[in-house]
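Notes for the one structure printed next.
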Amino acid sequence: MSKIGINIATGSLQQEEMIVGIDLGTTNSLVAIVHPDTQKPVVLKEYNGTALVPSVVHFGDAGSVSVGDEAKKFLITEPQNTIFSVKRLMGKSYNDVKDHSSFFTYKILDDDTERLVKVQLGDRFYSPIELSSLVLKELKSRAEHILKTAVNRAVITVPAYFNDAQRQATRDAGKLAGLDVLRIINEPTAASLAYGLGMKKDEVRTVAVYDLGGGTFDISILKITSGIFEVLSTNGNTYLGGDDFDSAIVKYWQNELSLPDEELRNDKSLAQSLRLKAEEAKICLSSHSNFESSVRERTVSLTKEEFENLARPFVNQTIYCCKSALQDAGLTVKDIEEVIMVGGSTRVPLVKKMISDLFQKPLHDSMNPDEVVALGAAVQADILAGNNKDFLLLDITPLSLGIETMGGLMDVLIPRNSKIPTKVGRQYTTQKDGQSGMRISVFQGERDLVKDNRKLAEFSLNGIPAMPAGLPKVEVSFLVNADGILVVKAKELRSGVEQSIEVKPQYGLTDEEVEKMLMDSIVHAKDDMKTRALVEAQTEAGQIIRTTNNFLVKNREFLSPQELVNTNNAIANLQKLIQSGTKDQIQTAIESLNEISKPYAERLMDEAIGKAMKGKNVLE
Ligand code: AMP
């Protein structure tokens, strides 16, 4: 049953729930959607309000919790109860953050330095996941208030350098906030999507995303190939941003006004007023050439030129990072086709000029740099909602892909959830002497036996030159391209014969069917494991029988009659058990056959070595 609602913000009838895009930032967070009427991404704002929600959580005495602007008011007055920059703690241990512990004004637990950090508030402990979930909960309820509809699904952005633990922590925070996180995407990817890059099918672009916020700087070099975003390199400084410009201005004024450090240390409110005034000056100088005002009856002033002299060393640091990122990607500035500006501090004209000079091209800076990541997340959400039919979005494989091996087992080459495009190769060999063909059956699914999975294709590699079993090297490679098409190739490396086939793995599969296949694999996991172990034992037994028989044909005269009888009995016993025995019985029978053949195999080996040594000079 689909729900119909009236969207007050957009004035349109809404058939289905919206999927929102969320920029969960270090300083500020915000939510965006693609407007159902205009098809353009927009940030969600309360009437006359701002879209930015400070990523700050305050815990009051009576157990009250506030988030956003409300909480920000307590940053100075109740630093120990007011949590900011929690993003810096996501997926981190105390050891990871201890070098910057003075940055945090609240208590971070340091008793277990290896485990994930916790924040202490009074007698309660919070994980960064819980704290982030409070910010997300606030964003969710704001979005619901503005859209007048339930918001349960979201795309959340993270920095490109976030590792798996940090991404998982972000996902968990979303879940805790009651959100189904459909996808975690990289902030630079979102910024590119907001500018419409990567939306065309055959587009290939190399992009630099320069993100200078209040307290962090990131540069990411991306390669976009037909809608697939690949991060070539990232660099940056997690403690460099617009706040440093403000501090430099405060220092400058402090000097001008001959204010000793001590006075600022003792008078926190003066220090705070100067900091806020400095930020005001900086923002003013983005569009004016002079700033003049007063702080506690003292005049403070700054010209654009003076500000630029203060800011230049910081911008130079970011340029150094950009050059390192280019080097790591194996590129030069000339290879960069697009430069995207993200973060509030990229409004500073000096920053724009220096970055445009560095890359020698105009910048993408027409969008609000505070909103661009959220807008891109909304574009991604819209694609996931299936509203953007032109865009094929298939950047992970939902089910494993593999081939059938001996005994009907599934040998997975590309596990589920692999990013595409992807390529994997594995070598196989023949089972029989002189085997000239090999059947390659391609399957999709999570079960251990191919009979329980979905068959996608089958082909034969013929013309393998006659060789003993185990000698041919057949390389089977799976390539899933950007369109989600699987190309399977098999090549015998010694002779060069090869054969390939193309399949569409997802063709005809609904989401429900994919889900069912995953569920089945969980339900049958134990049985499957047992069956796999049995089949593997059967296969091993078959191989040992074949090798022993071959040995007997060639070396019968070296065995005593008793050895011959014992060996044949053991083979017959093992052969019987392959049909009807358990895994353990087969393994015991394999062991006893080995026990019987070991003495004569060793005897023969010694003799062979002895022969080889004869007539040779062994030099010491
Ligand atoms: P973000 O972390 O991306 O929200 O960026 C916030 C930073 O951008 C803060 O340091 C702000 O002072 C700075 N910022 C916002 N607007 C401007 C502006 N017009 N000119 C210069 N800096 C700005």
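Here, each number is a calculation from the coordinates, and none is a lab measurement. Computed from a predicted structure; not experimentally measured. When we count neighbours, we look across all protein chains shown, and the Cβ atoms used for this are built from the backbone with ideal geometry, even at glycine.
The value of relative contact order for region 527-613, using C-alpha pairs under 8 Å at least six residues apart, is 37 percent.
Rounded, prolate or oblate: which fits the chain, taking a ≥ b ≥ c as square roots of the Cα gyration tensor eigenvalues, rounded meaning a/c under 1.5, else prolate when a/b beats b/c? Prolate shape, in that a/c is at least 1.5 and a/b is the bigger ratio. In a fully extended conformation the segment linking Asp123 and Asp606 would gain 166.5 nm over its present Cα-Cα distance, using 0.36 nm per residue.
Only lysines eight or more places from Lys423 in sequence, or on another chain, were considered; those with a Cα closer than 16 Å are Lys489, Lys491, Lys504. Using 0.36 nm per residue and subtracting the Cα-Cα separation, the extra length available between Ile319 and Asp110 on full extension is 71.7 nm.
Quote to one decimal, in nm, the extra length available between Ser101 and Arg494 on full extension: 0.36 nm per residue of separation minus the C-alpha distance between them.
135.5 nm
With an 8 Å Cα cut-off and a minimum separation of 6 or more residues, compute the relative contact order for the chain in percent.
10 percent
The simple spin-label model puts a point 7 Å past each Cα toward its Cβ; for Glu458 and Asp584 those points are separated by 3.6 nm. With each label modelled as a point 7 angstrom along the Cα→C-beta vector, the Glu78-Gln575 pair spans 8.4 nm.
Among the listed pairs Lys282/Lys304; Lys87/Lys277; Lys201/Lys334; Lys530/Lys583; Lys451/Lys516; Lys45/Lys137, those with a Cα-Cα distance over 18 Å are Lys87/Lys277; Lys201/Lys334. Post the alpha-carbon centroid distance, region 155-202 to region 516-587, in whole angstrom. Going from one Cα centre to the other spans 49 Å. Between Val204 and Lys530, the FRET efficiency estimated from the beta carbon spacing at R0 = 45 angstrom works out to 0.40. In whole angstrom, note down how far apart the Cα centers of region 47-124 and region 235-279 are. What the calculation gives is 22 Å, centre to centre. Ranked by the mean number of other Cβ atoms within 10 Å of their residues, highest first, the peptides 233-239, 54-60, 282-288, 550-556 come out as 54-60, 233-239, 282-288, 550-556. Helical content alone sets the calculated 222 nm signal of the chain at -12500 deg cm²/dmol, taking -39,500 (n - 2.57) per DSSP H segment of four or more residues and averaging over every residue. Here's the list of aspartates and glutamates a cross-link from Lys323 could span, going by alpha-carbon distance under 16 Å and ignoring same-chain residues fewer than 8 apart: Asp211, Asp218, Asp335, Glu337, Glu338, Asp357.
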